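Have a look at the structure below before the remarks.
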Amino acid sequence: MNLEKHRKDFPILNLKKNKIIYFDNAASSLKPKQVIKAINNYYNDYPANVHRGIHRLSMQASIVYEKAHEDIASFFNCKKEEVIFTQNSTDAINLIMYSLYNSNYFKKGDEIITSIEEHHANFVPWQFLAKKLKLKLKFIKLTKDQKLDVLDLKKIITSKTKLVAIAHISNTLGVINLISEIIKIAHSKKSLVLVDGSQSAPHLKIDFERLDCDFFVATAHKMLGPTGIGCVIGKEKLLNKFEPFRFGGDMISNVTLKESKWNSLPYKFEAGTPNISGVFGFLEAVNYLKKVGVNNIYKHDKEILKYAYEKLKEIKNIIIYNCKDIDNQIGIIIFNLKGIEAIELSALLDEISGVATRAGMHCAQPIIETFDRKGVVRASFYFYNTKKEVDVFVKTLKKIDLMVNK
Ligand SMILES: Cc1ncc(COP(=O)(O)O)c(C=O)c1O
C-alpha cells in the first residue's frame with residue numbers, strides 16, 4: 001500500500017495551515033477527491049432523476065445508478081437485487097424493523113436477542129418494537145476479552161427467538177465478533193440474523209453469501225463515501241417475502257384505486273427519489289476501497305493500533321478500556337486520563353495538536369456506562385493514518401497528563 005500516494009487523495013490531509021490528525025474514523029472516515037468528484041459529476045453532468053425520464057440526462061443518471069447497485073453488490077458478494085440503498089445504517093435497521101412489523105413477523109412473547117455493546121441504531125429500534133409488541137429482549141453476555149459470548153448465546157436462545165441483531169464489530173470495543181458461529185447457532189433455531197456491519201464494512205472483506213446472515217447493514221460515510229447514503233443487504237427470498245417499509249413512487253409496479261402491486265427488488269424497498277449523488281459517491285468510495293484493498297487496510301490499521309497501544313500504555317495516568325485481544329480487533333482505542341473528563345480531554349487534544357478524537361457515550365450508552373458514567377475518549381484509525389501522527393497524539397496526551405496530574 002502506497003500510504004503517501006493515498007494521503008494525497010484526501011484534501012483535508014493536505015492543508016498547509018492548521019493541520020489535522022484525524023483519529024475519528026469510527027464516526028466518519030475522510031473522503032478522497034475521487035468521491036467528491038463523483039458527487040460533483042452528477043450535479044454538473046446529468047442532474048436528472050433516475051428511472052423516470054427517457055431523455056438523455058435521466059438515462060445517463062439511471063445507468064450510473066444501476067451500475068452502483070451492481071458494483072456495490074459485487075463488493076459485498078451478493079446479488080444486485082439484494083442491495084437496497086438507505087440513508088445510513090440507522091435507516092437500514094429501521095427499514096428491516098418496520099418491514100418485519102408490517103409483515104406481522106413477530107407475535108406476543110417472541111424473543112429478540114441483541115447485546116449490551118450495540119450502537120443505539122441496533123438497539124433502540126428493537127427496544128421500541130419489543131415494548132410495542134410485548135416481545136422479550138435478551139442480551140448476549142460478553143467474554144472477558146469483550147467478544148459476544150457464543151456459549152451464552154447457546155444458553156439463552158430458544159425456539160421463540162425470532163431475531164438475533166448484533167454488531168459484527170462494536171463501535172467502542174472494536175472487537176471482531178465470532179459472527180459465523182453466531183449465525184449458525186441462530187439459524188439452528190430458525191431465527192433470522194441481522195448483522196450491523198457499520199464498523200466491519202470499512203475494515204474487513206465482507207462476503208454476504210458466505211457469511212449467510214439474513215440482513216447486513218453498512219453506512220457509506222464510514223467507508224470513504226458521503227453522508228446520507230448506506231445500504232441494507234437482504235437475502236432475496238426474504239426481501240421478496242416481507243412487506244415494504246416506505247410506500248410511494250418507484251416502489252410499485254401497478255397502482256389502481258383498489259390496490260397497488262410492489263415493484264421487483266431492490267426497488268420495492270426504495271420508495272421516492274433516492275439520494276442519487278450519494279449513490280454515485282458510494283460507488284466511487286467502493287471503487288477506491290477495492291483499489292487500496294480491504295486486506296491491506298486491515299493490516300495497516302493493525303500496525304497503527306498496536307503501535308499506538310504500546311505507546312499509550314507508557315502514559316502514567318491513562319486508563320484503557322478495550323484492547324483485551326488486540327489481534328482480533330480493528331483500530332479503536334477507548335480511554336480516559338485520570339483527573340480530566342473525556343469531553344475536556346478530547347477538546348484539548350484538538351486545541352493543542354489538531355488531533356480529532358470523539359468523546360462521550362459514542363451512541364452506545366449501555367456499554368460505555370460500565371466503564372465511566374461521564375463517557376470515554378475514542379481514537380479510531382484508518383489506512384491513511386501514520387505512526388508519526390500517533391507520536392504527536394501520544395506526546396500531546398503526555399503533556400496533558402503533566403498539566404492535570406502535577
Ligand atoms: C456499529 C454502528 N452501528 C450503527 C451506526 C449508525 O450509523 P449511521 O449513523 O451512519 O446510521 C454506527 C455509527 O457510528 C456504528 O458504529
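The values are calculated or read from the model by the stated rules, or taken from the named source; none is laboratory data. Computed from a predicted model, the values in this text were never measured in an experiment. Virtual Cβ from ideal backbone geometry, glycine too; neighbours counted across all protein chains shown.
Take the residues of segment 248-284 that are in contact with a Gly (Cβ under 6 Å, 6 or more places away or on another chain) and surrounded by fewer than 23 Cβ atoms within 10 Å (Cβ to Cβ): which is farthest from Leu100 (Cα to Cα)?
Asn275
Take residues that are touching a helix residue (DSSP H, G or I) at 6+ places or on another chain (Cβ under 6 Å) and assigned by TED's automatic domain parsing to the domain that holds Ser99 and tell me which of the strands (runs of 3 or more DSSP E) falling wholly in segment 220-290 contain 3 or more.
230-234
Pairs needed: first member in segment 164-181, within 11 Å of Asn328 (Cβ to Cβ) and at pLDDT 95 or above; second member anywhere, within 10 Å of the ligand (Cβ to nearest atom) and of a type in the set (S, T, N, Q); C-beta distance under 6 Å; at least 6 residues apart or different chains.
Here the result reads Ile169/Gln199; Ile169/Ser200, each pair linking segment 164-181 to a residue that is within 10 Å of the ligand (Cβ to nearest atom) and of a type in the set (S, T, N, Q).
What's the total number of residues in segment 6-31 that are out of contact with any Leu (no Cβ under 6 Å at 6 or more places or on another chain), of a type outside the set (A, V, I, L, M, F, W, C) and over 26 Å from Ser170 (Cβ atoms)?
Selection size over segment 6-31: 9.
Applying the selection to segment 383-406, what residues are in contact with a Ser or Thr (Cβ under 6 Å, 6 or more places away or on another chain) and among the aliphatic types (A, V, I, L, M)?
Residue satisfying the conditions is Val392 alone.
In segment 9-29, which residue that is of a type in the set (A, V, I, L, M, F, W, C) and surrounded by fewer than 21 Cβ atoms within 10 Å (Cβ to Cβ) is nearest to the ligand (Cβ to nearest atom)?
Checked segment 9-29; the qualifying residue nearest to the ligand (Cβ to nearest atom) is Ala27.
Step by step: first the residues of segment 65-115, then only those that are in a loop (DSSP other than H, G, I, E, B) and within 13 Å of the ligand (Cβ to nearest atom), then the one that is farthest from Ala27 (Cα to Cα). Which residue is that?
Among those that are in a loop (DSSP other than H, G, I, E, B) and within 13 Å of the ligand (Cβ to nearest atom), it is Gln87.
State the number of residues belonging to segment 329-384 that are away from the ligand (no atom under 14 Å from the Cβ) and of a type in the set (Lys, Arg).
Matching residues across segment 329-384 total 3.
Kindly indicate whether Ile304 is within 19 Å of the chain's Cα centre (by Cα), touching a residue at least 60 places away in the same chain (Cβ under 8 Å) and surrounded by 17 or more Cβ atoms within 10 Å (Cβ to Cβ).
Criteria not met by Ile304.
Exactly one of (1) farther than 22 Å from Asp301 by Cα; (2) crowded, with 18+ Cβ neighbours inside 10 Å; (3) β-branched (Val, Ile, Thr) is unmet by Thr357. Its number?
(1)
Restricting attention to segment 194-217, and to residues there that are under 17 Å from Met97 (Cβ atoms) and hydrophobic (A, V, I, L, M, F, W, C), which single residue is nearest to the ligand (Cβ to nearest atom)?
Val217
Taking segment 251-276 only, how many residues are touching a residue at least 12 places away in the same chain (Cβ under 8 Å) and in contact with a Ser or Thr (Cβ under 8 Å, 6 or more places away or on another chain)?
4
Just for segment 101-129: of the residues that are under 18 Å from Phe245 (Cβ atoms) and small (Gly, Ala, Ser), which one is surrounded by the most Cβ atoms within 10 Å (Cβ to Cβ)?
Looking at residues that are under 18 Å from Phe245 (Cβ atoms) and small (Gly, Ala, Ser), I get Ala121.
Out of (1) more than 23 Å from Cys323 (Cβ to Cβ); (2) more than 13 Å from the ligand (Cβ to nearest atom), what's the single condition that is false for Asp145?
Unmet condition: (1).
Taking segment 363-403, which residues are among the hydrophobic types (A, V, I, L, M, F, W, C), out of contact with any strand residue (DSSP E or B) (no Cβ under 8 Å at 6 or more places or on another chain) and under 17 Å from Ile318 (Cα atoms)?
Matches in segment 363-403: Val390, Val394, Leu402, Met403.
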